[in-house]
Amino acid sequence: MKHPRPVSVHGGHSGQFCGHAQDSLEAVVRAYIDQGYLWVGITEHMPPVSDDFVYPEEKTAGLDAESIRARFADYIATCRHLQTQYAQDIRIYVGFETETCSGSLDFTQRLIRIFNPDYVVGSVHHVDDIPFDYSQSCYHQAIDRCGGPDALYAAYFDQQYEMIQALKPRVVGHLDIIRIYDPEYRSRLVKPVVWEKILRNLTLVKQLDLILDYNLRPLTRGESEPYPFSPILEKAAEMGIAIVPGDDSHGVSSVGQHMREAIERLQAAGHNTNWRSPVTDRP
Ligand SMILES: [Zn+2]
Ligand SMILES: [Zn+2]
């Protein structure tokens with residue numbers, strides 16, 4: 001089919017449940033329906049492991065780890081409600097996006113046991129507990145901590161590997177987000193010391209039969225390509241790894257943004273657009 005129906009394997013952050021997003025979750029869901037989505041995985045950020053991992057804008061809003069946990073419980077309940085309420089219009093999956101930092105594995109597994117999500121997106125936003133994607137200055141702090149940009153990339157892909165092995169998330173989020181503030185990412189990602197780690201991680205993704213998030217967030221920031229960048233995208237196609245668009249929406253205005261371009265890029269790289277669902281149908 002030339003123009004497959006859009007889906008999103010990672011998205012639906014909302015101002016109702018996330019300090020750096022906009023709009024109510026219901027408004028976001030309605031936007032997906034209006035745009036004719038076949039299905040959408042709503043994957044809000046998981047709450048912080050402890051107060052040490054509360055983000056500045058959350059602190060400013062008077063939140064701490066405990067109150068964000070309560071908000072997360074409300075998120076899951078609200079999302080389940082919307083899943084039923086709009087069942088005739090769209091297939092909604094109730095998920096969440098993980099963090100990877102000290103103490104996160106046990107905490108994530110506990111959240112999975114308590115809330116029983118349809119699936120999780122396994123993401124890494126910290127290296128050595130520094131939230132490298134939060135700002136330029138955090139990014140440079142992480143580079144200094146690791147001893148240089150190549151070492152930062154290496155540490156990131158090692159942490160990602162451990163996370164995939166331990167958690168086996170149905171979807172692996174924005175595989176190369178470590179490039180976020182690096183103008184030289186194209187040459188750095190293919191340096192042998194980095195590229196071999198990427199290949200190792202892709203091999204594990206393939207072995208476990210997981211799905212990659214084709215994450216459109218960089219396009220909404222005016223960058224030239226989604227995560228992962230094209231050589232990884234092509235390698236994944238060659239390896240037969242499933243990759244599915246994730247608009248990583250953070251409000252109504254980013255629902256479906258750049259989806260058409262993403263689908264064209266996936267088709268051009270040789271990927272299948274019979275989108276793999278993150279939720280295997282149970283009898
Ligand atoms: Zn977010
Ligand atoms: Zn993320």
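The values are calculated or read from the model by the stated rules, or taken from the named source; none is laboratory data. Owing to the predicted nature of the structure, the values given are computational and were not obtained by experimental measurement. Virtual Cβ from ideal backbone geometry, glycine too; neighbours counted across all protein chains shown. These accessible areas exclude ligands, DNA and RNA; they are computed on the full protein's heavy atoms, side chains included. Shrake-Rupley method; radii C 1.70, N 1.55, O 1.52, S 1.80 Å.
Fully extending the segment from TYR86 to THR280, taken as 0.36 nm per residue of separation minus the present Cα-Cα distance, adds 67.8 nm. Shown for the chain: lysine pairs separated by 8 or more places, or found on different chains, whose C-alpha atoms are under 25 Å apart, numbering 9.
For the range 175-283, the orientation-averaged shadow of the C-alpha convex hull comes to 7.9 nm² (one quarter of the hull surface).
Sorting the segments 70-79, 148-157 by their residues' average number of neighbouring beta-carbon atoms within 10 angstrom, most packed first, yields 148-157, 70-79. Shape descriptor for the range 107-171: Rg over Rh equals 1.06 (Cα atoms; Rh from the Kirkwood inverse mean 1/r).
Comparing the range 28-100 with the 2.2 N^0.38 Å rule of thumb, its C-alpha radius of gyration ratio is 1.28 (two decimals).
Note on the chain: antiparallel DSSP beta bridges, both residues inside, total approximately 10 percent of the bridges counted. For the set LYS59, LYS197, solvent exposure ranked by accessible area (probe 1.4 Å, protein chains only) runs largest to smallest as LYS59, LYS197. The accessible-area ordering, largest first, of the residues SER8, SER102, SER277 stands as SER102, SER277, SER8, per a 1.4 angstrom probe. Only protein heavy atoms count here; under a 1.4 Å probe, HIS126 has an accessible surface of about 10 Å². Projecting label points 7 angstrom from Cα along Cα→Cβ for ASP74 and SER135 puts them 2.7 nm apart. Radius of gyration over Kirkwood radius for the range 1-50, both on Cα atoms: the Rg/Rh ratio is 1.07. Applying 0.36 nm per residue to the separation of LYS235 and ASN116 and subtracting their alpha-carbon distance, the gain on full extension is 39.5 nm. What is the distance in Å between the Cα centroid of the range 164-195 and that of the range 196-226? Value for the Cα centre distance between the two parts: 7 Å. The DSSP beta bridges internal to the range 128-268 are antiparallel in roughly 10% of cases. For TRP195, the accessible surface of its heavy atoms amounts to roughly 50 Å² (probe 1.4 Å, protein chains only, rounded to the nearest 10). Solvent-accessible area of SER50, all protein chains in place: 40 Å² (probe radius 1.4 Å, heavy atoms, ligands and nucleic acids excluded). Against the criterion of solvent-accessible heavy-atom surface with a 1.4 angstrom probe, HIS271, HIS45 sort, most first, into HIS45, HIS271. Between GLN257 and ALA151, residue separation times 0.36 nm minus the direct Cα-Cα distance comes to 34.8 nm. For the range 112-165, the per residue solvent-accessible surface stands at 42 Å², with DNA, RNA and ligands left out and a 1.4 Å probe. Each of THR203 and ILE33 was given a label point 7 Å from its Cα along the Cα-to-Cβ line. The distance between the two points is 4.7 nm.
Calculate the length of the line joining the C-alpha centroid of the range 257-282 to that of the range 1-79, in whole Å. That distance is 21 Å. Pairwise alpha-carbon distances in the range 149-226 exceed 19 Å for 36% of all pairs.
Charge tally for GLY103 (other residues, Cβ to Cβ under 10 Å; Lys, Arg +1; Asp, Glu -1): -4. Only alpha carbons enter this Debye calculation for the chain, each as an equal point scatterer, and the log10 of I(q)/I(0) it gives at q = 0.13, 0.16, 0.17 Å⁻¹ is -0.85, -1.36, -1.56.
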